Amino acid sequence: MSDGIILWGAISLRALRVHWALQELGLTYQFRPIQSRTGETLTAEYSGHNPKQKIPTLQDGDFTLTESPAIVNYLFNNYGPNSDADIHLPQNAVEQARADEWSYFAMMELDAHSLYLIRRHKFLPEIYGEAPVAVASAAEYCLKQINAVAPAIADIKDYIFGSKISAADILLATTLDFAERYEVELPPSCRAYRDRAFARPAFLAAKQRNEDLDAN
Ligand SMILES: N[C@@H](CCC(=O)N[C@@H](CS)C(=O)NCC(=O)O)C(=O)O
């Protein structure tokens, strides 16, 4: 018996990515507003859904999926083709490759290599320990990577594929915002791109739901 779509994960930027995809697609979903570092990801029930004990996790009927970029792409690819949503799905191998290039850049070069390290060792030292040299190096690396793509982002008219937002835009815009939160200064083109994406009604609805701890 399917319960429809259930999203586990509140407050976190990575859960916000999934809320945003769901809102862009106009999908109805239940929300389990559990947070990291509260013990809520450690329960037997949640560990059964996500043994990594992290948020977000998506349940779609009997299908359970973790990793925010995988979830965002699944939602676009599974529900996008038959929806009225104003979104872009890659139309051929070249477009898919371009989407992958931006997505892996955001997830690997920014999120995993540098931003998560800054997050853990500068903003959560009581849990992960202080590592000032690693933090400074990660911030420098992150800024170098962002500056390298700033001209390409300046050439983006609205979104990566034109006037319609794609899954890759959700990953890129949220990760650029992540960088600014962690004190990596965004070039003007990146800030403008992030601000444009974050002004979308679907983003604003997603942000509100991500922060609604009384929800279900
Ligand atoms: N690669 C994962 C990372 C998930 C992740 O690290 N989530 C954080 C919140 S943003 C978390 O659950 N942290 C709790 C912990 O590390 O114990 C994704 O993108 O979904």
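Give segment 46-71 a look and list any residue that's among the β-branched types (Val, Ile, Thr) and either over 24 Å from ALA168 (Cβ atoms) or touching a Ser or Thr at 6+ places or on another chain (Cβ under 6 Å) (or both), or say none. Those that are among the β-branched types (Val, Ile, Thr) and either over 24 Å from ALA168 (Cβ atoms) or touching a Ser or Thr at 6+ places or on another chain (Cβ under 6 Å) (or both): ILE55, THR57, THR66.
Tell me, yes or no, whether segment 51-59 has at least one residue that is within 17 Å of the chain's Cα centre (by Cα), within 24 Å of ALA167 (Cα to Cα) and of a type in the set (D, E, K, R). Yes, there is a match, as at least one residue in segment 51-59 is within 17 Å of the chain's Cα centre (by Cα), within 24 Å of ALA167 (Cα to Cα) and of a type in the set (D, E, K, R). Within the bounds of segment 4-26, is there any residue that is in a strand (DSSP E or B), surrounded by fewer than 20 Cβ atoms within 10 Å (Cβ to Cβ) and out of contact with any Phe, Trp or Tyr (no Cβ under 7 Å at 6 or more places or on another chain)? No, segment 4-26 has no match at all. The residue that is farthest from the ligand (Cβ to nearest atom), among those in segment 21-43 that are of a type outside the set (A, V, I, L, M) and free of Cβ contacts under 8 Å to residues at least 24 places away in the same chain, is THR43.
Here TYR46 does not fit the description of being more than 13 Å from the ligand (Cβ to nearest atom), surrounded by 17 or more Cβ atoms within 10 Å (Cβ to Cβ) and outside the structural domain of ARG98 (by TED's automatic domain parsing). The set of residues in segment 77-121 being crowded, with 21+ Cβ neighbours inside 10 Å, in contact with a Leu (Cβ under 6 Å, 6 or more places away or on another chain) and farther than 25 Å from TYR141 by Cα is empty.
State the number of residues belonging to segment 49-72 that are part of a helix (DSSP H, G or I) and away from the ligand (no atom under 12 Å from the Cβ). Explain how you work it out, then say what you get.
Residues of segment 49-72 that are part of a helix (DSSP H, G or I), as a first pass: 49, 68-72.
Next cut, away from the ligand (no atom under 12 Å from the Cβ) only: 49.
Qualifying residue count, segment 49-72: 1.
Can you tell me which residue among ALA202, ALA168 is among the hydrophobic types (A, V, I, L, M, F, W, C), surrounded by 17 or more Cβ atoms within 10 Å (Cβ to Cβ), touching an Asp or Glu at 6+ places or on another chain (Cβ under 6 Å) and touching a residue at least 60 places away in the same chain (Cβ under 8 Å)? The conditions single out ALA202. Is there a residue being within 16 Å of the ligand (Cβ to nearest atom) and of a type in the set (D, E, K, R) anywhere in segment 1-9? Checked against the condition, which is being within 16 Å of the ligand (Cβ to nearest atom) and of a type in the set (D, E, K, R), segment 1-9 yields no hits at all.
The values are calculated or read from the model by the stated rules, or taken from the named source; none is laboratory data. What you see is a predicted model, and the numbers here were worked out from it, not measured in a lab. For neighbour counting, all protein chains shown are included, and Cβ atoms are generated from backbone atoms with ideal geometry for every residue, glycine included.
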